[in-house]
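Asker: Okay, here's the structure, questions in a sec.
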Amino acid sequence: MDKLPVIGTTPAAPIDLGMTEDELEAGIRRLKAERNAVILAHYYQESEIQDLADHVGDSLQLSQAAAKTTADVIAFCGVHFMAETAKILNPTKIVVVPDLEAGCSLADGCPAPVFSKWLEKYPGHTVVSYINCSAEVKALSDVIVTSSNAVKIVKALEGQKIVFAPDRYLGAWVQKQANRPDMVKWEGSCIVHETFSEKRMLALKVQNPDAEIIAHPECHEGILKHADFIGSTSALIDYAKKSPSMAFIVATEAGILHKMQIAAPGKTLIAAPPEDESCACNVCPHMRRNTLEKLYLSLRDLQPQVDVPEAVRVRALAPIQRMLEMSV
Ligand code: 13P
Ligand code: SF4
């Protein structure tokens, strides 16, 4: 079957370095040692990149790894806001990304000047921002959360009025879990998680009645209301490993299936389907801009680098550190 088109941005043109995959991987390992670099990769990266990484994790785990590393160079295989977070935590280190254009619909849908103006409507509120936002939005926030600690952190803010940005679906799930119906939400969404089809997923469940539905909280309510378990990428992998069930319908970006299958060998993993059958819409077009070739070049040339203006960095650091302290 031909490769299905992905949603969102036009995929970057492939780069041919005239190297075999083995040569590329050996080259990346050599450059990593020469540069004293650490490779951090998100679960939504292509499997070849995950296999080369020093740490593969969810957004919180990767921030924790970035906060702890003693490497001189961080090669961040994920999207821009993740690498930016690593730079905010490590201003003296070089942070490179394979592709500087790897963005995120949640971060792009919440521009800092518009967000700042919107916040004026909610004086006295604590601003809780999902890590999927720009450094400038982090700088306007009181505390950052990820999908693995958002409920815990919002529960800890008892008695405070809360503004939550930028994911409305994660926000709605947190509202329910933390019993905070009064929480004000920014109306952003993830282009991948909002395309899952409730109808097609239920048809899969009819064909696989013993399969459990497991979903990321960025999914819309039509998916979440059927889920047997909801959690961050690392929580979903852990659940698939520990649950006695032998089959799972997995409603999140398809890159997660690589590590999930290693963690749960012998179990059947079925990717939840998008609305549009002719589109690989459960693949994040931003995450998949990164390739082995671009990772090789980023380590060879120490380009492209991620930078954050110092005034923004200092203001963005405080809510990230608050998150890290509240996550232990
Ligand atoms: P987590 O890995 O933190 O669950 O986040 C998912 C995601 O969408 C990252 O962009
Ligand atoms: Fe952003 Fe969604 Fe891609 Fe994650 S999967 S990086 S939330 S667009």
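The values are calculated or read from the model by the stated rules, or taken from the named source; none is laboratory data. None of the values given here were measured: they were computed from a predicted structure. For neighbour counting, all protein chains shown are included, and Cβ atoms are generated from backbone atoms with ideal geometry for every residue, glycine included. SASA here: full protein model, heavy atoms, side chains in, ligands and nucleic acids out. Shrake-Rupley method; radii C 1.70, N 1.55, O 1.52, S 1.80 Å.
Asker: State whether one or more residues within the range 108-115 are open to solvent by 20 Å² or more (accessible area, probe 1.4 Å), within 16 Å of ligand 1 (Cβ to nearest atom), farther than 17 Å from Leu299 by Cβ and assigned to a loop (DSSP other than H, G, I, E, B).
Answerer: Taking every residue of the range 108-115 in turn, at least one turns out to be open to solvent by 20 Å² or more (accessible area, probe 1.4 Å), within 16 Å of ligand 1 (Cβ to nearest atom), farther than 17 Å from Leu299 by Cβ and assigned to a loop (DSSP other than H, G, I, E, B).
Asker: Additional query: Go through (1) open to solvent by less than 20 Å² (accessible area, probe 1.4 Å); (2) touching a residue at least 40 places away in the same chain (Cβ under 8 Å); (3) in a helix (DSSP H, G or I) and name the single condition Gln64 misses.
Answerer: (1)
Asker: For the range 67-83, which residues satisfy the criterion of being within 13 Å of ligand 1 (Cβ to nearest atom) and either of a type in the set (Asp, Glu) or open to solvent by 20 Å² or more (accessible area, probe 1.4 Å) (or both)?
Answerer: The one that is within 13 Å of ligand 1 (Cβ to nearest atom) and either of a type in the set (Asp, Glu) or open to solvent by 20 Å² or more (accessible area, probe 1.4 Å) (or both): His80.
Asker: Could you please let me know if Ala172 is more than 14 Å from ligand 1 (Cβ to nearest atom), of a type outside the set (D, E, K, R), on the phi < 0 side of the Ramachandran plot and not in a loop (DSSP other than H, G, I, E, B)?
Answerer: It is true that Ala172 is more than 14 Å from ligand 1 (Cβ to nearest atom), of a type outside the set (D, E, K, R), on the phi < 0 side of the Ramachandran plot and not in a loop (DSSP other than H, G, I, E, B).
Asker: Could you list, in sequence order, all residues of the range 232-252 that are in a strand (DSSP E or B) and away from ligand 2 (no atom under 16 Å from the Cβ)?
Answerer: If the condition is that a residue be in a strand (DSSP E or B) and away from ligand 2 (no atom under 16 Å from the Cβ), then Ala247, Phe248, Ile249 are the ones that fit.
Asker: Go through the range 192-211 and give me each residue that's out of contact with any helix residue (DSSP H, G or I) (no Cβ under 8 Å at 6 or more places or on another chain) and within 13 Å of Leu269 (Cα to Cα).
Answerer: Result: Leu204, Lys205, Asn208, Asp210.
Asker: Suppose the filter is over 22 Å from Glu218 (Cβ atoms), modelled with pLDDT of 95 or more, in a strand (DSSP E or B) and open to solvent by 10 Å² or more (accessible area, probe 1.4 Å); does Val56 pass it?
Answerer: no
Asker: Still on this structure, please answer the following. With respect to Lys161, is the statement that it is basic (Lys, Arg), more than 30 Å from Asp238 (Cβ to Cβ) and surrounded by fewer than 22 Cβ atoms within 10 Å (Cβ to Cβ) true?
Answerer: Yes, satisfied.
Asker: What's the total number of residues in the range 116-141 that are away from ligand 2 (no atom under 15 Å from the Cβ), out of contact with any Ser or Thr (no Cβ under 8 Å at 6 or more places or on another chain) and outside any helix (DSSP H, G or I)?
Answerer: 7
Asker: Between Ile144, Ile88, which is open to solvent by less than 20 Å² (accessible area, probe 1.4 Å) and assigned to a strand (DSSP E or B)?
Answerer: Going through Ile144, Ile88 in turn, just one is open to solvent by less than 20 Å² (accessible area, probe 1.4 Å) and assigned to a strand (DSSP E or B): Ile144.
Asker: Just need a number here: residues in the range 269-298 that are among the aliphatic types (A, V, I, L, M) and in contact with a Gly (Cβ under 7 Å, 6 or more places away or on another chain).
Answerer: 1
Asker: Counting only residues that are within 18 Å of Gln175 (Cβ to Cβ) and either more than 16 Å from ligand 1 (Cβ to nearest atom) or surrounded by fewer than 22 Cβ atoms within 10 Å (Cβ to Cβ) (or both), how many does the range 119-140 have?
Answerer: So the answer is 4.
Asker: If only one of Thr233, Thr268 is among the polar types (S, T, N, Q), over 18 Å from the mean Cα position of the chain (by Cα) and either closer than 20 Å to Ala53 by Cα or open to solvent by 30 Å² or more (accessible area, probe 1.4 Å) (or both), which one is it?
Answerer: None of the others qualify; the one that does is Thr268.
Asker: Can you name every residue in the range 293-327 that is more than 28 Å from Ile49 (Cα to Cα) and in a loop (DSSP other than H, G, I, E, B)?
Answerer: Correct list: Pro309 only.
Asker: Would you please name the residue that is surrounded by the most Cβ atoms within 10 Å (Cβ to Cβ), looking only at residues in the range 186-226 that are away from ligand 2 (no atom under 16 Å from the Cβ) and under 30 Å from Thr126 (Cα atoms)?
Answerer: Gly222
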